[in-house]
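The values are calculated or read from the model by the stated rules, or taken from the named source; none is laboratory data. Here the structure is a predicted model, which is why all the values come from computation and not from measurement. No Cβ is skipped: glycine too gets one built from the backbone with ideal geometry, and neighbour counts run over all protein chains shown. SASA here: full protein model, heavy atoms, side chains in, ligands and nucleic acids out. Shrake-Rupley method; radii C 1.70, N 1.55, O 1.52, S 1.80 Å.
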Amino acid sequence: LTALTLAGIATWVAIRASQPLWALLAPATNLAICALLGSGIGRWSLISGLGIGAGGLIWASWRTRSLAGFNGAGLDLRRPISAILVVVAALAAAFWVGPLVSGGAPRQALRDNFAAQLDPQSYPSPLAGFRSYVRDLTQMPMLTVTGLPAGTPIRLATLDDYDGVVFRVSAGTGPFDRVGDEIGTADETPGVDVHFSIDGYSDVWLPTAGRISGITFSGSNASLLTENFRYAPVNTTGIVTSGLIAGDGYTLSIRVRTPPSPDELSTQGPGLSTAGMASRIPDAVKAAAQEITAGETTAYGKIEAIRSALVAAGALSHGDTGAGEQISPSGHGLDRLTRLLAQLPMVGDQEQFAPTMALMAQAIGLPARVVMGFEPAHIYDGTGTLVVSGADVTAWVEVNFTESGWVAFDPSPDSAEVPPEPEPDPALTPRKQILQPPPPPEVPEQANASDIKDSGADTDPEDEENPATDKAAATNLWFLAWGVGAPLLLIAGPLLLILGLKARRRTARRTAADPADRVTGAWREILDTATDFGCPSPAEATRSEAAVLLDAEFGTSALALAKRADAHVFGPTPADTVTATAFWVDVNGLMVRMRSSRTPGRRWQAKLSPASLRAKDDSRYLGDSDGR
């Protein structure tokens with residue numbers, strides 16, 4: 001808008017005014033405005049300034065001679081010495097006078113004075129990497145905690161937004177702001193100081209406990225952590241945008257309330273919180289919630305009925321079949337939760353049971369959210385030092401009540417009480433059948449030999465095993481198989497080859513040795529899906545530019561994933577297994593939404609399209625982990 005407006009003014013002045021040199025103020029003003037509103041990093045600033053200065057002088061000379069009535073108006077080349085002096089003066093001003101005026105200070109832009117609001121959904125949900133804790137980090141010490149009150153769980157993040165694929169931290173429950181050493185809270189419970197030391201834990205979500213009223217970072221990275229810490233009091237979640245690494249430490253002043261009793265909760269209704277109300281709830285979850293709570297009249301009675309039903313019908317399993325556990329797929333998308341409710345016993349872990357209970361509570365009008373954190377399984381009396389490992393990871397549900405606020409409920413079954421496989425009813429057990437030989441056919445009276453032969457009562461063995469007949473039958477069968485199978489193979493062979501190559505490519509990307517390559521491969525999977533739908537990305541497009549085109553075409557949110565991919569690949573903290581796994585989960589959800597925007601026939605056409613196989617990765621994906 002600035003360029004358009006000033007260009008119009010400059011054109012009017014150059015054509016109408018008697019002094020056309022005033023038109024040079026327009027591009028100079030445009031340059032100054034762009035410098036103020038643009039980035040703090042100058043792009044070819046010296047060349048831009050010299051270009052505008054030299055170009056303006058040349059144009060002014062030509063325009064002045066034209067207005068003065070010179071024949072063949074143009075540049076006056078009879079004064080080369082003057083031109084040389086002008087160029088020397090411009091270079092001197094650029095190289096010597098400019099630094100003296102600025103004093104060597106870094107370039108300041110107006111946008112540097114305004115910080116963009118932190119979006120928690122730009123970071124992967126910790127619940128998406130739940131299985132990595134219980135499988136890969138079981139014995140690894142995550143945290144060392146001192147002073148934690150007995151029975152107080154450690155919180156990582158409060159997840160109150162569900163998109164049908166993963167539970168996330170909502171961006172609408174409250175801003176994530178910078179805070180100082182003291183954090184205001186209306187809770188008048190006496191405070192307790194708890195010290196956290198980071199060991200094997202590595203993520204942006206700050207482990208906390210209770211409600212924070214103050215925080216002080218320690219260690220060599222104390223200033224960096226203080227600068228990058230953001231906290232949302234509404235959902236009691238903290239984020240350190242630079243990430244936590246081994247050796248970091250901090251002390252929290254927390255307030256831990258005594259949980260309300262069942263009698264107190266029985267007299268309260270559901271809270272008025274707008275958080276914790278998902279828009280996408282499976283029909284199976286709604287039906288199960290209504291059936292379980294049919295006889296309950298109070299909010300507490302309904303939520304306790306749901307919790308008790310899940311505990312009674314559930315079997316806790318992390319899917320580690322090598323350790324003798326039952327098969328339990330990871331994830332908590334709509335399809336996974338629907339399958340959980342359809343089986344008996346319900347086999348899963350906290351990643352499935354907590355989201356299921358939260359959605360069932362929301363289905364009957366109770367605000368509920370999922371909290372992921374650590375709850376040490378071993379006995380801890382609140383004294384000494386507590387070492388938290390990956391095996392202590394868990395997730396629970398918090399339900400909002402009118403007076404007590406958010407109250408915790410744990411729907412996870414007891415790991416020591418796994419329901420056995422149901423034994424079949426003996427009355428329904430099929431018995432072994434004893435086949436009786438068929439009775440010989442009755443030969444009618446006055447039957448001739450041909451009738452008896454056709455009936456099969458006494459067949460000549462030579463007729464049963466006729467080599468000529470068997471050879472003819474085999475030949476016919478071979479011709480039939482070749483005549484039908486060959487055309488099918490010609491048609492289905494290329495299609496199966498395309499599906500196989502795509503599956504192999506996807507597997508190679510998911511299992512790459514470098515987590516950064518897994519993130520890059522996940523982004524390539526998005527672009528390949530768009531290419532198969534006939535929407536290839538331009539070869540020169542960056543991830544963000546390609547994401548804008550994808551969002552406009554499919555109505556998705558690929559831009560957030562593009563920024564996360566750039567952060568994982570080029571950011572100061574390299575991608576790890578947890579972030580790569582969580583990124584793949586979000587990419588799968590995005591591709592589901594991309595396919596949902598097309599008709600079933602178009603989806604099959606894209607699935608069988610070889611377009612993405614013909615594309616070259618080196619020319620289509622800019623910004624890979626190797627710098628391309």
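Miscellaneous remarks
- Number of the exception - residue 563 against (1) within 21 Å of residue 505 (Cβ to Cβ); (2) open to solvent by 50 Å² or more (accessible area, probe 1.4 Å): (1)
- Answer residue from region 567-578, given it is out of contact with any helix residue (DSSP H, G or I) (no Cβ under 6 Å at 6 or more places or on another chain) and not in a loop (DSSP other than H, G, I, E, B) and is surrounded by the fewest Cβ atoms within 10 Å (Cβ to Cβ) among those: 570
- Of all the criteria given as (1) surrounded by 18 or more Cβ atoms within 10 Å (Cβ to Cβ); (2) part of a loop (DSSP other than H, G, I, E, B), the one not satisfied by residue 530 is (2).
- For region 231-262, a residue qualifies if it is in contact with a helix residue (DSSP H, G or I) (Cβ under 9 Å, 6 or more places away or on another chain) and closer than 12 Å to residue 300 by Cα, and exactly one does: 262.
- Residue match in region 173-194 (condition: in contact with a strand residue (DSSP E or B) (Cβ under 6 Å, 6 or more places away or on another chain), assigned to a strand (DSSP E or B) and modelled with pLDDT of 90 or more): yes
- For region 441-448, the condition of being under 60 Å from the mean Cα position of the chain (by Cα), at pLDDT below 65 and either over 21 Å from residue 610 (Cβ atoms) or not in a helix (DSSP H, G or I) (or both) holds for none of the residues.
- Residue within region 328-351 that is aliphatic (A, V, I, L, M), closer than 29 Å to residue 149 by Cβ and more than 21 Å from the chain's Cα centre (by Cα) present: no
- Condition met for residue 287 (farther than 30 Å from residue 578 by Cβ, free of Cβ contacts under 8 Å to residues at least 60 places away in the same chain and buried (at least 18 other Cβ atoms within 10 Å of the Cβ)): no
- Test: residue in region 266-276 that is part of a helix (DSSP H, G or I), at pLDDT 90 or above and under 22 Å from residue 339 (Cα atoms): no
- Selected residue [more than 27 Å from residue 335 (Cα to Cα) and not small (Gly, Ala, Ser)] from 573, 581, 599: 573
- So residue 168, is it open to solvent by 50 Å² or more (accessible area, probe 1.4 Å) and closer than 22 Å to residue 355 by Cα: no
- Some residue of region 539-552 being of a type in the set (Val, Ile, Thr), surrounded by fewer than 16 Cβ atoms within 10 Å (Cβ to Cβ) and assigned to a helix (DSSP H, G or I): yes
- Residues (of a type in the set (A, V, I, L, M, F, W, C) and either touching a Phe, Trp or Tyr at 6+ places or on another chain (Cβ under 9 Å) or open to solvent by less than 40 Å² (accessible area, probe 1.4 Å) (or both)) located in region 1-34: 6, 10, 13, 14, 17, 23, 24, 26
Yes/no per residue for (1) over 31 Å from the mean Cα position of the chain (by Cα); (2) surrounded by fewer than 17 Cβ atoms within 10 Å (Cβ to Cβ); (3) under 29 Å from residue 399 (Cα atoms):
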site	(1), (2), (3)
190	yes, yes, yes
208	no, no, yes
217	no, no, no
230	no, no, yes
239	no, no, yes
262	yes, yes, yes
271	no, no, yes
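- The set of residues in region 298-329 being open to solvent by 30 Å² or more (accessible area, probe 1.4 Å), in a loop (DSSP other than H, G, I, E, B) and modelled with pLDDT under 90 consists of 318, 320, 324, 325, 326, 327, 329.
- Evaluated against (1) basic (Lys, Arg); (2) closer than 30 Å to residue 225 by Cβ; (3) open to solvent by less than 20 Å² (accessible area, probe 1.4 Å), residue 336 falls short on exactly one condition, (2).
- Subset of region 1-39 that is in a loop (DSSP other than H, G, I, E, B) and either closer than 24 Å to residue 92 by Cα or among the aliphatic types (A, V, I, L, M) (or both) - its residue that is modelled with the highest pLDDT: 1
One line per residue, one yes/no per condition, for (1) touching a helix residue (DSSP H, G or I) at 6+ places or on another chain (Cβ under 9 Å); (2) over 23 Å from residue 126 (Cα atoms):
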residue	(1), (2)
498	yes, yes
504	no, yes
542	yes, yes
548	yes, yes
555	yes, yes
563	yes, no
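- Test for residue 203: is it open to solvent by 10 Å² or more (accessible area, probe 1.4 Å), modelled with pLDDT of 90 or more and in contact with a strand residue (DSSP E or B) (Cβ under 7 Å, 6 or more places away or on another chain): no
- Residue pairs whose Cβ atoms lie under 7 Å apart, sitting 6 or more positions apart in sequence or on different chains, and linking a residue in region 494-522 that is without any contact (Cβ under 8 Å) to a residue 40 or more places away in the chain to a partner that is among the acidic types (Asp, Glu), are 506/525; 509/525.
- Test: residue in region 171-181 that is within 14 Å of residue 237 (Cα to Cα) and surrounded by 22 or more Cβ atoms within 10 Å (Cβ to Cβ): yes
- Lone qualifier among 390, 373, 384, 365 - being farther than 19 Å from residue 259 by Cα and either open to solvent by less than 20 Å² (accessible area, probe 1.4 Å) or of a type in the set (Phe, Trp, Tyr) (or both): 390
- Failed criterion for residue 134 (all others in (1) surrounded by 21 or more Cβ atoms within 10 Å (Cβ to Cβ); (2) of a type in the set (A, V, I, L, M, F, W, C); (3) assigned to a helix (DSSP H, G or I) hold): (1)
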